[in-house]
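Derivation of every value follows stated rules applied to the coordinates shown; laboratory data play no part. Everything numeric here is computed off the predicted structure, so don't read it as measured data. Every residue, glycine as well, gets a Cβ built from its backbone with ideal geometry; the counts of neighbours run over all protein chains shown.
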Amino acid sequence: MAAGDARDELGNLIPRPGQWPVDPQEDVPVSDDRIWIDGCFDFSHHGHAGACLQARRLGTTLLVGIHSDAAILENKGPTVMTLRERCAAVDACRWTTQSIPDAPYVTSLPWISHYGCKYVVHGDDITSDADGNDCYRFVKDAGRFKVVKRTPGISTTDLVGRMLLCTKTHHIRNLEAVLDGEEGDGGEQERRGKGVDMKERIREYASDESGLKPGPEVWVWKADKGKQHPPMPRRRSSASAARNGGNLQKLPEAKGSIAKMVEGNPPRPDQRVVFVDGGWDLFSTGHIEFLKSVLKTEEEKGRKKGWYEDAAKEKRIKETGEDYGPVFVIAGVHDDETVNYWKGINYPIMNIFERGLCVLQCAYIHALLFNSPLSLTTSFLKSLPYGIPAAIYHGPTTFMPTTYNPYDEAKQLGIYHELPPHEYKHINAGEIVDRILKGRMMYEERQRVKGVKGIGEEAVRKREEMVRKAADEQKEREKKWREIERQYSA
């Protein structure tokens with residue numbers, strides 16, 4: 001060791017310029033407006049986003065320290081997502097300025113000072129290291145610690161428990177009824193109080209990058225009475241299809257209307273409005289990379305049309321007072337019943353409220369539609385807030401009915417675009433659950449440490465049985481579909 005190497009409170013070497021995990025390499029002047037928050041951020045959920053939102057509101061810059069896989073294993077237990085995947089999720093949060101990988105598990109004053117952060121923010125729960133000591137003891141002693149309210153009802157531990165125990169009690173049958181306090185657990189007063197809190201959280205997450213001003217718009221699809229499931233369409237006979245220019249299936253009609261839940265920023269002049277939809281369960285790097293690909297695709301279209309030329313930029317600033325990108329992305333979120341019907345078992349692991357918040361916090365979307373129907377019929381697309389979108393994008397997914405294609409009418413309209421696979425195409429809810437099950441013994445210990453009991457081999461057997469049942473149900477649906485095809489082709 002070279003003489004004069006500086007060490008932190010625990011005796012660990014402090015990086016020199018050129019050794020810090022991300023720039024800047026030189027010390028940044030400490031400022032009250034630069035806020036530090038750190039954690040594991042394992043399959044980052046809306047609870048993590050809520051902490052980032054509260055922290056961001058305390059300053060103008062938010063640095064997010066992310067612990068290494070090895071540090072988390074030593075102090076807490078195994079991670080589900082890799083460090084790179086966790087950083088990608090944090091960087092996608094609208095309120096995050098920059099992620100800092102390999103941040104110390106015990107928050108270090110030299111680290112936060114190097115990045116110019118005066119204060120560290122954490123929830124009102126206690127986080128301990130492997131020795132049982134408070135991870136924030138050094139910044140607390142220095143008077144550089146601020147507490148924010150922990151997001152209730154969600155944690156990585158809760159989600160792992162849902163996966164291992166195969167519970168479905170978290171599912172929401174009717175989101176609007178829950179928000180209005182008409183459905184849910186507890187008495188009327190408790191339900192209404194919970195509904196008010198949920199509505200407020202949606203409004204808070206629909207904020208801009210400062211966390212203080214309006215951001216994305218939020219809408220809800222209000223389906224007419226009657227179930228949309230099972231969406232078993234009727235395929236035209238081959239002769240009828242030929243007369244109509246192809247083997248187009250009749251999609252289940254999504255009848256209803258769209259209502260605004262939260263006012264936000266509408267599309268700016270000349271922006272292309274595009275639509276994406278999905279289950280977005282356990283919102284992760286697969287979803288994030290897809291949304292980034294949508295933005296990149298549209299930005300390239302804009303570049304070819306001169307969007308980024310100086311004259312065009314000056315015109316936008318002169319007319320609106322600011323510059324902006326060429327695309328406005330609306331993200332539709334399927335309800336719990338739809339996801340469970342097609343995926344079975346106890347999917348979705350996150351209910352529609354939780355999944356909606358996960359998408360809403362993402363910097364790569366501009367509006368959110370709750371209860372988006374699976375079938376994107378022409379009439380539904382016309383009912384969208386800004387009419388039929390300029391494009392509908394879709395990416396690699398296993399969540400696709402085998403009995404019909406929900407995007408057939410979008411294809412007929414010439415607005416459907418399938419993006420190529422990306423490096424995280426395999427990261428979805430199923431992959432995350434598989435990772436949990438493969439490392440079951442380690443995750444059981446992690447749950448035990450967190451005070452969650454009763455998870456063992458019986459739970460895994462139960463899930464495996466549910467997987468087999470879901471596969472059998474899918475085969476039965478396909479069998480019924482083939483029978484219908486024979487009837488209409490006769």
Margin query: Straight-line reach only, C-alpha to C-alpha below 17 angstrom: list the aspartates and glutamates that LYS315 could link to, leaving out same-chain residues fewer than 8 apart.
Written below: ASP270, ASP323
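Of the listed pairs LYS305/LYS382; LYS194/LYS382; LYS140/LYS199; LYS146/LYS313, which have alpha-carbon separations greater than 29 Å here? All intermediate terms of the calculation are to be shown ahead of the outcome.
Values: LYS305/LYS382 26 Å; LYS194/LYS382 34 Å; LYS140/LYS199 33 Å; LYS146/LYS313 40 Å.
Over 29 Å Cα-Cα: LYS194/LYS382; LYS140/LYS199; LYS146/LYS313.
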Margin query: Give me LYS296, LYS194 sorted ascending by neighbouring Cβ count inside 10 Å, so fewest comes first.
Written below: LYS296, LYS194
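Given a Förster distance of 60 angstrom, what is the FRET efficiency for LYS305 paired with GLN189, based on the Cβ-Cβ distance and rounded to 0.05? List each step's numbers first, then the result.
Numbers: r = 55 Å, r/R0 = 0.92.
FRET efficiency, LYS305 to GLN189: 0.60.
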Next item on the list: May I ask you to sort CYS166, CYS358 by Cβ crowding, counting other Cβ atoms within 10 Å and putting the fewest first?
Entry: CYS166, CYS358
Checklist line | Förster radius 60 Å - calculated FRET efficiency between ASP323 and ILE126, Cβ distance, rounded to 0.05 | finding: 0.85
Next item on the list: Take the alpha-carbon centre of the range 95-135, take the same for the range 11-44, and report the distance between them in whole Å.
Entry: 9
Item checked: Distant-in-sequence amide H partners of ALA103 (H built 1.01 Å from N, under 5 Å) -> ILE66, HIS67, SER68
Notebook entry, point to check: What share of the DSSP beta bridges in the range 31-151 is antiparallel, in percent to the nearest 5?
Noted result: 5
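Which loop-located GluC sites (Glu not before Pro) does the range 268-300 contain, where loop means any DSSP state but H, G, I, E or B and the Cβ has at most 15 other Cβ atoms within 10 Å?
Numbers: sites: GLU289, GLU298, GLU299, GLU300; in loops: none.
Sparse-neighbourhood loop GluC sites (Glu not before Pro): none present.
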Notebook entry, point to check: Mind listing the phi-derived Karplus ³J(HN,Hα) values for the range 54-61, rounded to whole Hz, using 6.51, -1.76 and 1.60 with θ = phi - 60°, and x for any glycine or proline?
Noted result: 5, 5, 4, 5, 8, x, 10, 9
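For the range 1-109, which trypsin sites (Lys or Arg not before Pro) are both in a DSSP coil and crowded by at most 13 other Cβ atoms within 10 Å? Please list the in-between numbers first.
Numbers: sites: ARG7, ARG34, ARG56, ARG57, LYS76, ARG84, ARG86, ARG94; in loops: ARG57, LYS76, ARG94.
Answer in residue order: no site qualifies.
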Margin query: Please give me, ordered by residue number, the GluC sites (Glu not before Pro) of the range 312-365 that lie in loop per DSSP and have at most 10 other Cβ atoms within 10 Å.
Written below: GLU322
Margin query: Using the Karplus curve 6.51 cos²θ - 1.76 cosθ + 1.60 with θ = phi - 60°, what ³J(HN,Hα) values do you get for each residue of the range 192-202, in whole Hz, with x for Gly and Pro?
Written below: 5, x, 5, x, 4, 5, 5, 4, 5, 5, 4
Item checked: Amide hydrogen neighbours beyond the local backbone of LEU369, cut-off 5 Å, H modeled -> TRP219, ALA331, GLY332, VAL333
Check: Put +1 on the Cβ of every Lys and Arg and -1 on every Asp and Glu Cβ in the range 159-432; which of GLY264, PHE380, TYR324 then has its Cα farthest towards the positive end of the dipole?
Finding: PHE380
Notebook entry, point to check: Percent antiparallel among DSSP beta bridges with both residues in the range 159-432, to the nearest 5?
Noted result: 30
Check: Going by how many other Cβ atoms sit within 10 Å of their own, how do ASP69, ASP33 line up, fewest first?
Finding: ASP33, ASP69
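Based on the Cβ-Cβ distance from ASP270 to ALA177, what FRET efficiency comes out when R0 is 30 Å, to the nearest 0.05? Provide the component values of the computation, followed by the final result.
Numbers: r = 39 Å, r/R0 = 1.31.
With R0 = 30 Å, the Cβ-Cβ based efficiency is 0.15.
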